[in-house]
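The values are calculated or read from the model by the stated rules, or taken from the named source; none is laboratory data. Note that this is a predicted model, so its numbers are computed, not measured. Virtual Cβ from ideal backbone geometry, glycine too; neighbours counted across all protein chains shown.
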């Protein structure tokens, strides 16, 4: 990637809307747009930074659109370069025309995530903030968006930087002791060094303590709906989604493969998966669906075991009741609308499990079910305003590597293995910490991270 190029891209979705934005960044950004932009006011090159200017985009005298243009001069812009944004009507056709006119001025089309990548390379953002931007764009819940916004403020960077400073203070003493063995250094006081290592380790452990939950909040809690055929799994999915997403029939085995959809409940995202009904069958396709159901169930965060409350329990029901884990399971007693005074009561069979009585057909009890799902999901807590949470696997793994290196350093110190071994452990820790914020991250990994962005970001 060449940083001396001027780049441009459409920054808003290509679908009809009231507003569309074209972003241009680089040394020639102002001159490239000025060649197309006509206004009764000052020319763009003399316009104050961060001020909207009204005018028209023209092509050889032909009016393309009435627009607003804002110039954000370096270094006070997203990329730290000169940035110009054209705000036009959100017609995909008009956006493409204007973008093409800009590109004719010697500007090239931006790569995916290149604006953000330039912001990162120019020091505007660290890698945790880059990932926070991606999370914020893709946020599927209120709480997930709030967590991303906290990370965008740089809180995780500062937490990692504080640990890094602790490790650097130890490493500098170790390196000095290696270079000047005849002198007495503070590092040689083992207790002081151990105290610093323990503090750094405790800080990292605190960050890691919420990592799994952070990923769940960001990605959404996976919820699998299981049960024998015709107990109402697909009907319940449709009711929770408030739309007819899954096919519902009276024919057993209608659902052959998993169907996944997302829903937000009280600010949290849940990924609901409807699965094939579990029963003995000779049908090869249905058997494969059942096998996949078992795989999905094992990986799910939460399980909704659906039972038909209007009928006696069958062998398939009893088998599922015995297999599910109490901590992550809610038993959904469906078809309340079909129950009567003669319906057998077999609730003792599920007494160890949390249960909710509902009717997927009428919606009765579904509010209670949603509340139960939310309570199950939040047993591990939610992020508070001042808390710092790791939210993805890359950050989590790098933090684990840093913590492992600190444990190794402590072991080396306790066993008096030599200052050289201690120095190696500390360097490994610093490299892992640098990877979290993007100081020592390999280029191929950076490329992968930025490739997940849209072209206009």
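A compact table of results
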quantity: Residues being assigned to a loop (DSSP other than H, G, I, E, B) and either farther than 25 Å from residue 116 by Cβ or more than 18 Å from the chain's Cα centre (by Cα) (or both) - total across segment 416-457; calculated: 9
quantity: Matching entry among 261, 298 (being under 24 Å from the mean Cα position of the chain (by Cα), modelled with pLDDT of 55 or more and within 17 Å of residue 328 (Cβ to Cβ)); calculated: 298
quantity: Residue ID - surrounded by the fewest Cβ atoms within 10 Å (Cβ to Cβ), chosen from residues in segment 391-413 that are free of Cβ contacts under 8 Å to residues at least 24 places away in the same chain and more than 19 Å from the chain's Cα centre (by Cα); calculated: 411
quantity: Filtered residues of segment 365-389 (kept if in contact with a helix residue (DSSP H, G or I) (Cβ under 6 Å, 6 or more places away or on another chain) and either within 16 Å of residue 307 (Cβ to Cβ) or modelled with pLDDT of 90 or more (or both)); calculated: 366
quantity: Given (1) touching a helix residue (DSSP H, G or I) at 6+ places or on another chain (Cβ under 9 Å); (2) in a helix (DSSP H, G or I); (3) at pLDDT 95 or above, index of the condition residue 143 fails; calculated: (3)
quantity: Subset of segment 73-118 [within 23 Å of the chain's Cα centre (by Cα) and either surrounded by fewer than 22 Cβ atoms within 10 Å (Cβ to Cβ) or closer than 23 Å to residue 16 by Cβ (or both)]; calculated: 78, 111, 112
